[in-house]
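The values are calculated or read from the model by the stated rules, or taken from the named source; none is laboratory data. From a predicted model like this one, the values you see are computed outputs, not experimental measurements. Using ideal geometry, Cβ is built from the backbone for each residue, glycine included, and neighbour counts are taken over all protein chains shown. Just so you know, the surface numbers come from the protein's heavy atoms only, side chains and all, with ligands and any DNA or RNA stripped out. Shrake-Rupley method; radii C 1.70, N 1.55, O 1.52, S 1.80 Å.
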Amino acid sequence: MNEKSINYERFSATYDSVRDGNSEMVSCLLEGIMPTSSFLALDIGCGTANNTILFAEAAGASVIGLDLSHGMLKKASLKVDSLPLVQADAESLPFLNTSFDFVFMTEVIHHITNVETALSEIHRVLNDEGRVCIVTQSHKQIERRLTSRFFPDTITIDKSRYPKITHLENYLVGTGFSKVKSRTYTFRSVRLGRNYLETIENRGYSMLHKISNSAFKEGLSMLRNAMWENESLDNTVGYTYVWAKKC
């Protein structure tokens with residue numbers, strides 16, 4: 001299995017209980033595109049299609065969801081009958097050249113083994129003038145996560161998994177993309193409570209599967225103590241949107 005990723009076949013059964021779609025994330029995607037009646041998008045690493053469905057509804061466009069995990073796609077298929085779903089690797093997309101107007105991935109790039117190969121495949125399947133958007137986090141944004149406070153080992157782990165933004169931009173240029181630009185967003189602050197604790201207890205974030213059991217138990221104990229003492233845990237998450245256009 002890809003060392004950067006986790007076993008999502010095992011995780012798929014409980015994924016939706018700890019992870020929701022993010023309407024704010026999807027809204028920011030819509031700022032960079034102008035869907036038409038014939039617009040076709042591809043969501044790479046769609047998982048259980050939470051963001052895929054939100055995007056399709058908000059954009060009023062046709063979307064295909066692609067994921068490597070059969071279990072994740074099986075969960076996705078139960079949500080919307082009309083959503084096309086494809087099981088495949090991002091590094092070998094099973095589509096003809098110039099098939100899509102827009103390709104996006106949200107919090108997926110750190111799971112891909114060979115980023116340059118995946119970007120080459122995206123370039124191939126995009127129409128001329130087609131666009132790609134990769135939603136990820138910079139290393140500074142990783143450091144500022146609330147989870148980094150309680151689980152500091154995840155900082156080093158995720159910095160090794162997430163490509164630096166400058167590296168990602170260079171990969172896109174090297175793959176043949178133009179008009180490469182990045183934009184950072186800070187999402188609205190959310191007061192965390194029992195739901196967040198349950199997500200952590202179930203290791204609902206992939207990096208929590210990468211740390212040792214002792215580090216996880218120590219961080220979980222710190223989080224429980226903070227909640228027991230009624231500490232206000234406000235989570236403000238930052239993301240970087242890396243955009244590019246096919247030449």
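Mind ranking 102-114, 20-32, 189-201, 129-141 by how tightly packed they are, going by the mean number of other C-beta atoms within 10 angstrom, highest first?
Working: 102-114: 21.7, 20-32: 15.9, 189-201: 14.1, 129-141: 19.8.
In decreasing order of mean packing, 102-114, 20-32, 189-201, 129-141 become 102-114, 129-141, 20-32, 189-201.
Please label the shape of segment 48-141 as rounded, prolate or oblate, based on the square roots a ≥ b ≥ c of the eigenvalues of the alpha-carbon gyration tensor (a/c under 1.5 means rounded; beyond that, a/b larger than b/c means prolate, else oblate). The partial results should precede the final answer.
Numbers: a/c = 1.36, a/b = 1.18, b/c = 1.15.
Verdict is rounded for segment 48-141.
Once the convex hull of the alpha carbons of segment 171-247 is built, what does its volume come to per residue, in cubic angstrom? Provide the component values of the computation, followed by the final result.
Details: hull volume 9.2 nm³, N = 77.
Roughly 120 Å³ of hull volume per residue.
Angle check, please: helix 213-228 long axis (alpha carbons) against the longest principal axis of the chain (alpha carbons), in degrees 0 to 90, nearest 10.
Result, in degrees: 70.
Along the charge dipole of the chain, Cβ charges K/R +1 and D/E -1, which of 214, 104, 23 sits furthest on the positive end?
Value computed over the given set: 214.
Under 28 Å from the Cα of residue 181, which lysines turn up, not counting those fewer than eight places away in the same chain?
4, 140, 159, 164, 245, 246
Using amide H atoms built in the peptide plane, which far-off residues or other-chain residues are under 5 Å from residue 64 H to H?
HN-HN under 5 Å from residue 64: 41, 42, 43.
Return the whole-Å distance between the Cα centroid of segment 28-53 and the Cα centroid of segment 177-247.
Taking the Cα centre of segment 177-247 as reference, the centre of segment 28-53 is 23 Å away.
Taking the Cα centre of the chain as origin and charging only Cβ (+1 Lys, Arg; -1 Asp, Glu), how large is the dipole, in debye to the nearest 20? Numbers along the way, then the final one.
On the way: 27 positive and 28 negative charges, 93 e Å.
Charge dipole of the chain: 440 debye, to the nearest 20.
Mean residue ellipticity at 222 nm from the helices of the chain, using -39,500 (n - 2.57) per DSSP H segment of n ≥ 4 over the full residue count, to the nearest 500 deg cm²/dmol? All intermediate terms of the calculation are to be shown ahead of the outcome.
Values: 12 runs with 99 residues, N = 247.
Helices in the chain give a 222 nm mean residue ellipticity of -11000 deg cm²/dmol.
Count the DSSP beta bridges whose two residues both fall in the chain, then state the antiparallel fraction as a percent rounded to the nearest 5. Don't skip to the end; give the middle numbers.
On the way: 16 of 33 bridges.
For the chain, the DSSP antiparallel bridge percentage is about 50.
If the cut-off is a Cα-Cα distance under 14 Å, which aspartates and glutamates reach residue 210, setting aside same-chain residues fewer than 8 apart in sequence?
The reachable aspartates and glutamates, counting only those whose Cα sits under 14 Å from residue 210, are 3, 153, 158.
So, with a 1.4 angstrom probe, what is the percent of accessible area on segment 8-127 that is carbon and sulfur? Mind showing how you got there, number by number?
Numbers: 2650 of 5270 Å².
Percent of accessible area from carbon and sulfur atoms in segment 8-127: 50.
Measure nothing but the geometry: give the 0 to 90° angle between the long axis through the Cα atoms of 165-175 and the longest principal axis through the Cα atoms of the chain, rounded to 10°.
It is inclined by approximately 20 degrees.
Give the Rg/Rh ratio for the chain, taking Rg as the radius of gyration of the Cα atoms and Rh as the Kirkwood radius, to two decimals. Intermediate results must be reported in sequence, preceding the final value.
Details: Rg = 18.0 Å, Rh = 18.7 Å.
Taking Rg over the Kirkwood Rh, I get 0.96.
On a 1.4 Å probe surface of the protein chains, which of 95, 150 comes out largest in accessible area, and what is the full order?
Details: 95 40, 150 5 Å².
From most exposed to least exposed: 95, 150.
Using heavy-atom solvent-accessible surface (probe 1.4 Å) with all chains present, what is the largest-first order of 243, 228? Numbers along the way, then the final one.
On the way: 243 15, 228 210 Å².
So the residues, ranked largest to smallest area, are 228, 243.
Mind ranking 188, 224, 144 by accessible surface for me, highest first, 1.4 Å probe?
Order by accessible area, largest first: 144, 188, 224.
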